[in-house]
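A short worksheet on the structure shown next.
The values are calculated or read from the model by the stated rules, or taken from the named source; none is laboratory data. Note that the coordinates shown come from a computational prediction; the quantities given were computed from them, not determined experimentally. A quick note on method: Cβ atoms are made from the backbone with ideal geometry, for glycine too, and the neighbour counts reach across all protein chains shown. Only protein heavy atoms, including side chains, enter the accessible area calculation; ligands, DNA and RNA are left aside. Shrake-Rupley method; radii C 1.70, N 1.55, O 1.52, S 1.80 Å.
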Amino acid sequence: MSRLTDDPTNPAGHPECPSCEGAGFGQPARGQPGEPEQPWPEPTRSRLELAVWTALAAGAVALAVGAVLLLVGAVPNSTATEVAPPFCQGRSCAGLDPDVTLCADDAVTTASAWLAGREVDLRVSTRCRAAWALLRDPRASDAIEVRGAHGDVRWQNAQGTGVRAFTPMIPDTRGEAVEACLAARDGRVCAHPEAHPDEGHP
């Protein structure tokens, strides 16, 4: 036991030491003879590759959301300029409210008259083919009237001072409305289509 090769504490010199090439010498341990070798684990994706795929996915989602928002936003805009069909036309407008039927939306004043600071207008809607009288800045005792060429007449009492008043509509299929009149304690005045718009203005 005096020789170095016979020293049991020296594994490098031991000829029958099965673990002489083990982990203690900086080498990976090997399996026992006859045991199948274990495969090395598959390498995982790098952080750069994951970041690239994440960015691509986020961009695709953002583009899809933007396309949907543009499509949804474009629908109201495409119909915003469309004009709704008239609620009534001609005879079917007789006695109806010009505001409720939307006939007031395209109405124009074809004649005006003034009495003591109040203005009465003859209003005509080409789209609805109807006419009515409109009184601005009325007084509580005022009454207005619209008259057509074929005996159609509608009138309305003012509901209060300063509250805009208008008559129900009469048919005006060919621009045949004759006049819009204001009757008040101050007198009576009528607006005719053939009169100049400024005629009678103080």
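Side notes on the structure shown:
- Here Glu176 sits with roughly 40 square angstrom of accessible surface, probe radius 1.4 Å.
- Residues Asn157 and Phe87, FRET efficiency given R0 of 30 Å [Cβ-Cβ distance, rounded to 0.05]: 0.75
- Of the listed residues Arg139, Arg91, Arg118, Arg127, the order by accessible area with a 1.4 Å probe, largest first, is Arg91, Arg139, Arg127, Arg118.
- The figure for His150 is an accessible area of roughly 130 square angstrom, using a 1.4 Å probe on the protein chains alone.
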